[in-house]
Amino acid sequence: MLSLSFVGALASLPSAQAQTSKALSGAFTYFGYSGTNEVIPVSQLPAFLDELQELGNDTIIIAQTRATRAGQGCTYYATEFEWIKGFPGKLGNVLDEAQSRGMKVYVGTTLSSQQCPKFWESGNTRGVEEDVRTNIAVLANQYRSHPAFAGWYIPDEPGIPDLSKYNYYKRITSALKALAPGKPVIVAPYFPNQPNLPSPSSLADTAASFRSYTGVDIQAWQDGIGAIPGTKLFHWERPGYSSEQYYEALAAKLGAEALWADIEVFNYGTPLFNSAGLTGGYRAASARRINQQLWSARSAGKRVSWLHQWHMSELVGPANGYVEAPRLRGTYRGTYGIGGAHSLISLNHQNYTWLSAPSPTYPDSTGYELFDRRTGDPRNPQDSSWIGIPGAGGTARVRVDLGSAKTIDWIGVHTLSYPAWGIRSPVSADLYCGATTSSMTKVATLTAPFTAAAQDSVQEEEYVLGNRTPLNASCRYFELRAATGGNWVFLSEIELARD
């Protein structure tokens, strides 16, 4: 079993050693949306599960095995659903591969909300319930005794569950438990958006009421840090409750073992990437930010990721257009010391020099902001974690002294795009490296998979600029030279790791 260290997000927070339970230990896995859509074929399962296991994951949650047929809308009969391509037989492959690695599998059931926005209404509820009793029963009859089969996951998400949705989840949960007695059922609500944010205690009361009425065993609350504008990490300075406060209140009301944290491992914002014509909307987050999310969710009994396969898998991510996945995988491994990887710079490293002076309005106020593990709030350029460099000089430059010669494999630079303020993420940066400041040579050019012009339609966006393959560059000094294009460049963190 891997021994992972959980790194406290702030200097004042202790670093808890060898607490595997505090890092990611499970992953939602998406196999497709339809009978013709297959994302992870059987041939890739062994390598994909090897990746998950290496990062300390012992649990897979299959997003769904059945879904509404295209064009059906809300349903009334089981015949209006279909198997995701490869299922039901593929479940046997997943379970066998998981068992051989000591992993457990929660099986996603029937997804209806993609084509039925009010999926909880009575007609659609009857259709999903019939599909569970008719077709999900096929899975239960064949696999419920498999050693790796852990329970069920209902893929229709309730948001903040209100009374109108309770009956849907009660009926589907009851049907699933009848198929596999003793197997728990998971649902994944998500934290609220602005305005009208309920307090953490109010949200926890709702969660307890939902459990009492429906019989759902585990609530995997999505932290919303990548997707929901209203949620925030505990150190972000804008108003609103933090994910930490919500998780603490939920754990106190539900109990830690009935609460999982669904950690979003992608950046906040979608318009930039959709307008650039890229696959999907989100891109891989900073490993430092994910560490902060994990710290904020430490009161939950288990932390699982959405969506590992796009943002942390070298096997699946790049093949589907998510070119940043190897960088996040590498820096995450370094953050937690997985497989001999390690971070190259300790907390609050001060030995660096700005060759392009930050603005006095957005300063590096501590002299170690680039390495304090505090990522800037993508919704707030005035968050003190952002360092702003005017773009008139054409290049934002910073030089870092590592103290001795070290091998750099992965670099990630957390940046902001906020065009209303003239702030745009750099789309390229050169990395120079050397034993002395006079002997540095260029070892890599970092490029984003979008153009500067694509950012014009963005309201706010965070992005981590990094490399896509290991650098294997040895140096004491490295220098980042990011092209500004005449725009302000805002940075909050640089992360460095060695495999």
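The values are calculated or read from the model by the stated rules, or taken from the named source; none is laboratory data. Every value quoted in this text rests on a predicted model; they were computed, and no experiment measured them. Please note: Cβ atoms are built from the backbone with ideal geometry, for glycine as well, and neighbour counts cover all protein chains shown. Heads up: the accessible areas ignore ligands, DNA and RNA and are worked out on the full protein's heavy atoms, side chains in. Shrake-Rupley method; radii C 1.70, N 1.55, O 1.52, S 1.80 Å.
Go through CYS116, PHE266, TYR106 and say which Cα lies farthest out towards the positive end of the charge dipole of the chain; charges sit on Cβ, +1 for Lys and Arg, -1 for Asp and Glu.
Among CYS116, PHE266, TYR106, the one farthest towards the positive end of the dipole of the chain is TYR106.
Figure the gain on full extension for GLN382 and ALA47 (residue separation times 0.36 nm, minus the Cα-Cα span) and round it to one decimal in nm.
Once the chain is fully extended between GLN382 and ALA47, it gains 116.3 nm.
Taking the dipole about the Cα centre of the chain, with the C-beta of Lys and Arg at +1 and of Asp and Glu at -1, give me whichever of ILE408, PRO161, ASN141 is farthest to the positive side.
Result: ASN141, furthest along the dipole toward the positive end.
How many nm is it between the label spots at THR134 and SER438, if each spot is 7 Å from the Cα in line with the beta carbon?
Going by the 7 Å Cα→Cβ label model, 8.1 nm.
Sort 288-297, 384-393 by packing, meaning the average of other beta carbons within 10 Å per residue, with the highest value first. Walk me through the numbers before you get to the answer.
Numbers: 288-297: 25.2, 384-393: 19.7.
The packing order, highest mean first, is 288-297, 384-393.
Find the relative contact order for region 26-336 and round it to a whole percent, using C-alpha pairs within less than 8 Å whose residues are 6+ positions apart. Numbers along the way, then the final one.
Details: 644 pairs, mean separation 45.3, N = 311.
Relative CO of region 26-336 lands at 15 percent.
Per residue, how much accessible area does the chain have with a 1.4 Å probe, in Å²?
34
Roughly how many debye, to the nearest 20, is the charge dipole of the chain about its Cα centre, given +1 on each Lys and Arg Cβ, -1 on each Asp and Glu Cβ, and no other charges? Each step should come with its number before you reach the end.
Details: 41 positive and 43 negative charges, 89 e Å.
Taking the Cα centre of the chain as origin, the dipole is about 420 debye.
Classify region 26-336 from the C-alpha gyration tensor, please: rounded if a/c falls under 1.5, else prolate or oblate depending on whether a/b exceeds b/c.
The shape class here is rounded.
Any idea what diffusion coefficient region 345-498 gets from Stokes-Einstein, in µm²/s, Kirkwood Rh on alpha carbon pairs, 10 °C, 1.306 mPa s?
103
Between SER122 and THR353, what length in nm is gained on full extension when 0.36 nm per residue of separation is reduced by their alpha carbon distance?
Taking SER122 through THR353 to full extension adds about 76.8 nm, to one decimal.
Just grab the label-to-label distance for ASN93 and ARG69, each label 7 Å out from Cα along the Cβ direction, in nm (one decimal).
Output for this residue pair reads 2.5 nm.
Charges on Cβ only, +1 for Lys and Arg, -1 for Asp and Glu, centred on the Cα centroid of region 26-336; of LEU315, GLY92, ILE225, which one is farthest towards the dipole's positive end?
ILE225
Under 28 Å Cα to Cα from LYS104, which lysines show up? Leave out anything in the same chain fewer than 8 places away.
The qualifying lysines are LYS22, LYS85, LYS90, LYS170, LYS177, LYS183, LYS253, LYS302.
Can you list the DSSP H helices in the chain whose Cα atoms extend at least 18 Å along the helix axis and whose mean Kyte-Doolittle hydropathy is -1.0 or higher?
Helices meeting the span and hydropathy rule in the chain are 163-179, 200-214.
Is the shape of region 93-160 rounded, prolate or oblate, going by the alpha carbon gyration tensor and its root eigenvalues a ≥ b ≥ c, with a/c under 1.5 for rounded and a/b larger than b/c for prolate? It would help to have the intermediate numbers written out before the result.
Details: a/c = 3.44, a/b = 1.94, b/c = 1.77.
Prolate, since a/c reaches 1.5 and a/b exceeds b/c.
Any chance you could run the full-extension gain for SER174 through GLN114? It's 0.36 nm times the residue separation minus the Cα-Cα distance, nm to one decimal.
This chain segment gains 19.4 nm when fully extended.
Grab the beta carbon distance between GLN459 and SER202, set R0 = 35 Å, and tell me the FRET efficiency rounded to 0.05.
0.75
Measuring from a point 7 Å past the Cα of SER212 along Cα-to-C-beta, which residues in region 160-175 have an amide N at less than 17 Å?
161-167, 170
Separation between the SER474 and HIS146 pseudo-spin-labels, each 7 Å from Cα along Cα→Cβ, expressed in nm?
The answer from the label model is 4.8 nm.
What is the percent carbon and sulfur in the accessible area of the chain, measuring with a 1.4 Å probe over the protein chains and ignoring ligands? Intermediate values should be presented prior to the final figure.
Numbers: 8230 of 17210 Å².
Its accessible area is 48 percent carbon and sulfur atoms.
If you take every DSSP beta bridge whose two residues both sit in the chain, what share of them, in percent to the nearest 5, is antiparallel?
About 60 percent, rounded to the nearest 5.
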